[in-house]
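Here is the structure we will look at, set down as structure tokens.
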Amino acid sequence: MSRAELEKEYGPGKFGDSDWDSTVHFASAHGEDWSLEAVQAAFVFLLLAGLLILAFAVFVLRRHRKDALKPLPLIATSVAAFSMAAAMVNRFALSILSLYAINSTQYYIVTMILAKIFEQVSLCILFFVFYAVIHSFKHRIVKKSTKALPITEYVHWLFIGIFAALIIVDWSWYIFYVDSVVHSEYAFFTRSAIWAKIDSALRIIFWLAAWEIVCWVCYLGIMASRSLCSMRIKMSMYFFIAGSGFFFAINFLFFVWDILSYQRLLNNEGYGSNGETTSGSSLSPTATKGAQAIQEILRFVFALGCFFGLTLCYWRFPEQESSFEDVEAAGINNRIIDRSGMKLREMDGSQTMNSLLGKNKDLPEADDANIVVEADGIDYTKDKAKQDSSIPEVDGSKGIAEADSLLIHETAG
């Protein structure tokens, strides 16, 4: 039938009379097709279970190490995991409908809409999480304060706003596109082309933003390996690098998949409202299901690796460094040793060890096994009874003995 005849029968701009209440009959899959659909459903379910477990693990970490992990976005990480888990619930329901050929109304498409929005929201929140963790590591590892660091934070938060706006636009056009498919409207062709461009642009932007995150974590990883920070924060940084690598991989996966889908749309290829391949497609239904199964497997590996890397990063993240460790870093150049704590301390001649440590305790008793500590050049030992070559004993009521590499002070005879 021509378009004029279809519009005369169904109404202006329509090629059918389907509606949301129309019944959809899913084709029953057999043999290899059924196996490929079963693989998709299995990996969707495994990803759902893994995300729930990791979200619970992040919740436990927040409860037991709330003060130490305060700078990190643990709540946002849990929300991102639950959001992606919600997307997997909808995808799993859709897989079951297709796997067992269950008859349904057109409302089954709502599961596709919800899966798409939940997954995109999860990715947007993950961008926020990675930006927040990057800034936390910058404050811990990069000690030098520059004007570029605050500007970078503002730029990252601006990126989050742009991502959120693009997601809203993309989702709106997707709903328009799906609604025209459900109602058998010719507007479906125009709306699908516009939506495909918006969706592809969003995936490209996400992929480029993931590149920027990879560059940041590589820079921070190099800085951490060269700095004097603790091994614990270095291990946390290495886990964060692994998580960011998986995050880049999942964005690259979506980027490639959407670009290929858009290319097929330009060649009048794609899927109908029921998921079947339209005429003109160069891929058989079996090849299409195989490609979808590979995508689900890669999604499982990359998404779970991303959240697992973040969880390990939080687990190894150390508490805030104390002021004593800040003084230790400065004392390396001065070669001043605190014998009570066996750590380097910065001290000048006008300070006593007690005032540096902020304690009201006497100095520990020195014996001939201890290294003599350099002080301000005043000899406080006046014991005339001992004139041997051993180092004089100093009690807590006296000052610190002075010595150099050539002479041990002896009392005047």
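Bear in mind that the values in this text are calculations on the coordinates, not laboratory data. The structure presented is a predicted model; accordingly, all values stated were derived computationally and were not measured. All Cβ positions, glycine included, derive from the backbone under ideal geometry; neighbour counts span all protein chains shown.
Each residue of region 234-250 was assigned a 3J(HN,Hα) from its phi angle through the Karplus expression (A = 6.51, B = -1.76, C = 1.60, θ = phi - 60°), giving 5, 5, 4, 5, 5, 5, 5, 4, 4, x, 5, x, 5, 5, 4, 5, 5 Hz with x at Gly and Pro. Residues whose amide H lies under 5 Å from that of S104, counting only those 5 or more places away or on a different chain, are V24, F26; hydrogens are built 1.01 Å from N in the peptide plane. Ranked by the mean number of other Cβ atoms within 10 Å of their residues, highest first, the peptides 194-202, 160-168 come out as 194-202, 160-168.
In sequence order, region 288-296 has phi-based couplings of 5, 5, x, 5, 5, 5, 4, 4, 5 Hz under the Karplus curve 6.51 cos²θ - 1.76 cosθ + 1.60, θ = phi - 60°, and Gly or Pro positions carry x. The Cβ shell under 12 Å around I175 holds other residues with a net charge of 0, Lys and Arg each +1, Asp and Glu each -1. You can think of it this way: the chain between S172 and R316 has 47.8 nm of extra reach, that is 0.36 nm per residue less the Cα-Cα gap.
Annotation for L260 and I102: the two label points, set 7 Å from Cα along the Cα-Cβ direction, are 2.9 nm apart. Taking θ as phi - 60° and the Karplus parameters 6.51, -1.76 and 1.60, the scalar couplings of region 203-220 work out to 5, 5, 5, 4, 5, 5, 5, 5, 4, 5, 5, 4, 4, 5, 5, 5, 4, 5 Hz in sequence order, x denoting glycine and proline. Each residue, A287 and V60, gets one label point 7 Å from its Cα in the Cβ direction; the gap between the two is 4.7 nm. The overall shape of region 156-218 is prolate: from the C-alpha gyration tensor, with semi-axes ordered a ≥ b ≥ c, the ratio a/c is 1.5 or greater and a/b exceeds b/c. Return the whole-Å distance between the Cα centroid of region 36-94 and the Cα centroid of region 192-257. Taking the Cα centre of each part, region 36-94 and region 192-257 sit 19 Å apart. With the simple spin-label model, which puts each label point 7 Å out from Cα in the Cβ direction, the D21 to V301 separation comes to 4.8 nm.
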